[in-house]
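The structure appears right after this line, and notes come after that.
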């Protein structure tokens, strides 16, 4: 309320005092104003303090080292980033020797771009290794269109820590060297192709392409053609990958002068940019001529083997037919011999037994009959084998059962009782392991005879 109650005269008085204060500020600024100089450090329309304040605000914007120096390396201004790192104020470093303040040395820092900028009268940018801080710095000097009151040129000096970038570049450089050495170590052609214009942009020595240029097209260097391959015989891996976006393996047949036809297995692998667009392919080739030649020889051998196998199968069929025929003939012949002996010999042996023979003659007759049986009857041999062990009497009984004779007939022939014959039946079944089984003894013995003939044949 007191302000509202002020008189008009009081307000006019306060206004006059404010104007006087402004005039005093202007007067003080003019008293501090340095002598004018063409293109002087500050603008003619601004006083020194204002100009310095503006410049300070401008360089404070930068997040890295910014220093304004004269041609003698004396510091005029430094931004807040520089002051914070040094732990000093502008009053501490203004007018001091830059190499001493920044690098801790009393002579020009090796490689400092200011010396070169003075000689060439242009801006200089270079990367330097700071031995004091053990870091890489991107150092740049830009001449300003100003001079100090005593006529010294003024420069805008920027320094950025690029140690991380340099380390990354060194890592990439080592990786590139490793990749180059790996590719060079390959004994087969290995190269990278631009899918847009078929230019070979990288290749190892094994490719034998020589110095690569923008005219180094894959179809020219690998197939000696003047346009991209559309040969159906040698399919282009680039065209296939463009369609499928997947790795591919194809075989090519090349004619090389003074060498002849060579076969190659071509491997193609797609390379995409960050947006998934196909930009390049890796291609490497393997000489498979020896393998293809071996495959051809193998096919010829396989064909011959198939023919021989077929012929052998035919020979085997013919031989089997022949052997079967021989077996049948032999079987029939043996059967005929057996029937003839039964018909022409056995009756006489039986009659001879009924004659009056001496004991010696009877013995000889029995030996003759036994040996004859062994010769013509494999069935008897089977029954007397180690696995069955029939006695001679059991063999005779079994043979007569097989021929269909009854127990009474067998008893009469062998001069024994029927009960004895039946006892033989029991022993025979036991040795044949069919005792107490419902198996016809005659049928079983006939099957054994077939088996005996089969084994003999």
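We did not get these values from a lab; they are worked out from the coordinates using the rules stated. Source: prediction; values computed, not measured. Counting neighbours? That spans all protein chains shown, and the Cβs are built from the backbone with ideal geometry, glycine included.
Side notes on the structure shown:
- Taking a ≥ b ≥ c as the square roots of the eigenvalues of the alpha-carbon gyration tensor, segment 88-137 is classed oblate because a/c is 1.5 or more while a/b is no larger than b/c.
- Exposure proxy ranking, count of Cβ atoms within 10 Å, fewest first, for 333, 400: 333, 400
- Using a Förster distance of 51 Å, the FRET efficiency for residue 170-residue 293 (Cβ separation, nearest 0.05): 0.55
- Annotation for residue 244 and residue 105: the two label points, set 7 Å from Cα along the Cα-Cβ direction, are 6.1 nm apart.
- Two-site FRET efficiency, residue 120 against residue 265, from Cβ-Cβ distance with R₀ of 41 Å, rounded to 0.05: 0.10
- Using the Cβ-Cβ distance between residue 406 and residue 318 with R0 set to 56 Å, the FRET efficiency from 1/(1 + (r/R0)^6) comes to roughly 0.70.
- Compared with the direct C-alpha span, the chain from residue 423 to residue 365 gains 18.2 nm at full extension, assuming 0.36 nm per residue.
- Length gained when the stretch residue 53-residue 184 is fully extended (0.36 nm per residue, less Cα-Cα span): 41.1 nm
- Cα convex hull volume per residue for segment 241-355 (Å³): 237
- Computed on the Cα trace of segment 48-160, the radius of gyration divided by the Kirkwood hydrodynamic radius gives Rg/Rh = 0.93.
- Computed over segment 290-355, the P(r) curve from all C-alpha pair distances, binned at 5 Å from the origin, holds 4, 13, 10, 9, 8, 8, 7, 7, 6, 6, 5, 4, 4, 3, 3, 2, 1, 1, 0 percent per bin.
- Rounded, prolate or oblate (a/c below 1.5 giving rounded, otherwise prolate when a/b exceeds b/c) for segment 186-287 by Cα gyration tensor: prolate
- Listing 123, 236, 218 from fewest to most neighbouring C-beta atoms within 10 Å gives 123, 236, 218.
- Residues of segment 286-303 with amide N under 19 Å of the 7 Å Cα→Cβ point at residue 310: 298-303
- Whole-angstrom gap from segment 181-197 to segment 311-354, using each part's C-alpha centre: 80
- Gain upon complete extension [residue 438, residue 135; 0.36 nm per residue less C-alpha separation]: 98.2 nm
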